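The structure appears right after this line, and notes come after that.
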C-alpha cells in the first residue's frame, strides 16, 4: 500500500504509519452513492479521505436532509466519534468515486497515548468544523433563501458537488420545493441564472453576487 497521499494530506499520521504497532491499516474504495457511514450507527474505523468527494448531511425527521459540508481529500470521518465513543451524528455519502485510508478506532486510541501530535491535529480539525458549523447556522438564520441559493451556485461550480435536482437541493437547504422553485424562477427572470433543459446555471455572475454578499460566500466555502 502506498502512503504518499496519506503523508501529503495527514502528516500527523506519520508516527502511526512508521510504528510497529500499526495493525489493521487498509485502503478502501467507494463508488458514487456509497455511504462511508450512516447517521446514528457505530463507527469502528476512522476514515481519511485521499481521493474523491463526499457530502455530509443530517437526515431530518420530516424526510429532508440538512447539508453540512462537502468533504474533499484531506477530510476526516470519525474524528468526533474518536473522542466521544458514541454513534455517528451525520451521514457521509460519496458523490464521486472515493478512496479512504482506514484505521481502527481502538488502534488509534491506543496509539494516541504516545502521539500528542495526533490528538492536537484531531482537536484542530474539530475546532475548524465547529467554526464552520457556527457560520452555517448563522447563515441559515439570518439570510433569506434567495441569498443562500445565490451563494450555492457561486460556490458549487463543480458538477460533482451539485444537487441532482431541485428536490434534492431543497432538502440540502432545508426548504420546500415550491419555495425553492419560486426563487429559481425569480433568478431566471432577472437574468442571474439560466435554465438549460432541467438544470440551472449561472448566467450573470456579477448580478448573482448582488443577491449574496462577501460574508455569506465566505461562510459557504466549507461546502465546496
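Brief remarks follow.
- Selection status of residue 207, surrounded by 14 or more Cβ atoms within 10 Å (Cβ to Cβ) and either at pLDDT below 85 or under 29 Å from residue 61 (Cα atoms) (or both): no
For every residue, the table says whether it meets (1) within 19 Å of residue 66 (Cα to Cα); (2) at pLDDT below 75.
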{"site": "106", "(1), (2)": "no, no"}
{"site": "115", "(1), (2)": "no, yes"}
{"site": "119", "(1), (2)": "no, no"}
{"site": "181", "(1), (2)": "yes, no"}
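- Within the stretch 59-82, the set of residues being under 24 Å from residue 104 (Cα atoms) and either more than 14 Å from the chain's Cα centre (by Cα) or assigned to a helix (DSSP H, G or I) (or both) comprises 79, 80, 81, 82.
- Subset of the stretch 148-177 [surrounded by 18 or more Cβ atoms within 10 Å (Cβ to Cβ) and at pLDDT 80 or above]: 148, 149, 150, 151, 152, 153, 154, 169, 170
The values are calculated or read from the model by the stated rules, or taken from the named source; none is laboratory data. From a predicted model like this one, the values you see are computed outputs, not experimental measurements. Glycine also receives a Cβ, built like all others from the backbone with ideal geometry; neighbour counts cover every protein chain displayed.
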